[in-house]
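Down below is the structure, laid out as structure tokens.
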Amino acid sequence: MQDIKSLTLDELKKEMELLGEKPFRAGQMYQWMHVKLARSFDEMTNLSLALREKCREYFEYTALKMVRMQESAIDGTRKYLFELGDGKLIESVWMRYRHGNSVCISSQAGCRMGCSFCASTLGGLERSLKPSEMLDQIYAITLLTGERVSNVVVMGMGEPLDNYDNLLKFIKLVTDENGLHIGQRSITVSTCGLADEMKRLADEKLQITLALSLHAADDEKRREMMPVANRYSIPELIEACAYYFEKTGRRITFEYSLVKGVNDSAGDAERLSALIGNLNCHVNLIPVNPVVERKYVQPNVQKITDFKNKLEKNGINVTIRREMGRDIDGACGQLRRRQKQ
Ligand code: SAH
């Protein structure tokens, strides 16, 4: 069955023609799905009952079921556990900032990248999400909060560039002026560093922000934390970042999770500075979120500040990520993990 919410308006028009319907019906349905955020064909009350029935036979209509929601008492961040149509679980996070609401979405159920500090990967990859299922996380949260989402970060469970085609289709749909119409510049895609796909993404010449999870400034250390580092070396990644900037003019974000005694020394800060000093970039320091199943702990505040100061002294743009939702299993994959046990 065709997954109707993953179709572009043009594709939907063709489908309607095949069903012997007028093309303007596609426009109506598209608006129901992507603007009015209908959760089923039943809600599409300006379509005849016969057409709704026909659609139910021909198309799959995805919708998420909310399993749990946890709200942070500290900052109002909400973490949602959603169930997909086939029962698999994913997480999404809603964060309220001064400049608008941001949603962090998952791109896969589980993950096969195996990063040693991340809870999403503990059970391996279950499956990749369809474009509709990425949209559904934003739509469901918009309905649940009653507030518009203005920023999207693809930083939840999964490796987005390991689900490349669906990610691209999702970006096309979520930025569509006939849909939610979120600006490309309001979208960030975070990758563990699949260099070939990063270059492929650069060639699409989109205006989205690319974030690279670097976490270490030398390959040996990075390989201990991230198995993907055996596939692509840091120089290859830096080259891919430079290429991304060259093609899109978009500044790269480097994510660097600080782990006590692993990657938080003055030497680490120096090596990082030397590595990225010539790039137009921004570093986001994330004090590692301790995961029960993992042994990593955060450096103390002084150590984190020292690291930041060292980068700044070397002329690098850096922020320490405001830790949101620490009290609600904020780190990737933790809530789902708890539900399963
Ligand atoms: N697969 C993508 C996106 C998902 S993870 C990627 O690797 O970038 C989003 C970010 O959170 C990544 O930078 C990831 O390395 C980081 N992360 C995962 N678990 C974490 C933890 N326990 N503490 C701090 N950061 C974590």
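The values are calculated or read from the model by the stated rules, or taken from the named source; none is laboratory data. Bear in mind that the values here come from a model prediction, so they are computed numbers and not experimental data. Because the Cβ atoms are built from the backbone with ideal geometry, glycine has one as well, and the counts that use them run over all protein chains shown. Calculation scope for accessible area: heavy atoms of the full protein, side chains included, ligands and nucleic acids excluded. Shrake-Rupley method; radii C 1.70, N 1.55, O 1.52, S 1.80 Å.
Applying the selection to region 263-288, what residues are farther than 14 Å from Ile316 by Cα and either open to solvent by 40 Å² or more (accessible area, probe 1.4 Å) or among the small types (Gly, Ala, Ser) (or both)? Those that are farther than 14 Å from Ile316 by Cα and either open to solvent by 40 Å² or more (accessible area, probe 1.4 Å) or among the small types (Gly, Ala, Ser) (or both): Ser265, Ala266, Gly267.
The test for being at pLDDT 95 or above, farther than 25 Å from Leu180 by Cα, in the same structural domain as Thr175 (by TED's automatic domain parsing) and within 14 Å of the ligand (Cβ to nearest atom) holds for Cys111. Going through (1) under 26 Å from the mean Cα position of the chain (by Cα); (2) farther than 25 Å from Glu236 by Cβ; (3) open to solvent by 30 Å² or more (accessible area, probe 1.4 Å); (4) hydrophobic (A, V, I, L, M, F, W, C) one by one, Val301 falls short only on (1). Each residue in region 64-75 was checked for being touching a residue at least 40 places away in the same chain (Cβ under 8 Å) and closer than 18 Å to Leu37 by Cβ, and 3 of them qualify.
For Phe254, state whether it is in the same structural domain as Ile74 (by TED's automatic domain parsing), in a helix (DSSP H, G or I), open to solvent by less than 50 Å² (accessible area, probe 1.4 Å) and under 28 Å from Ile74 (Cα atoms). No.
Only one of the numbered conditions (1) in contact with a Pro (Cβ under 6 Å, 6 or more places away or on another chain); (2) outside any helix (DSSP H, G or I); (3) among the aliphatic types (A, V, I, L, M) is not met by Leu167, and that is (2). In the set (1) outside any loop (DSSP other than H, G, I, E, B); (2) under 27 Å from Ile320 (Cβ atoms); (3) in contact with a strand residue (DSSP E or B) (Cβ under 8 Å, 6 or more places away or on another chain); (4) not polar (S, T, N, Q), Lys221 fails one condition alone, (3).
Restricted to region 11-35, and to residues there that are closer than 17 Å to Leu135 by Cβ and either outside the structural domain of Ala50 (by TED's automatic domain parsing) or not aliphatic (A, V, I, L, M) (or both), the residue that is most open to solvent (accessible area, probe 1.4 Å) is Gln31. Looking at region 119-136, is at least one residue within 16 Å of the ligand (Cβ to nearest atom), touching an Asp or Glu at 6+ places or on another chain (Cβ under 6 Å) and part of a helix (DSSP H, G or I)? No; the residues of region 119-136 include none that is within 16 Å of the ligand (Cβ to nearest atom), touching an Asp or Glu at 6+ places or on another chain (Cβ under 6 Å) and part of a helix (DSSP H, G or I).
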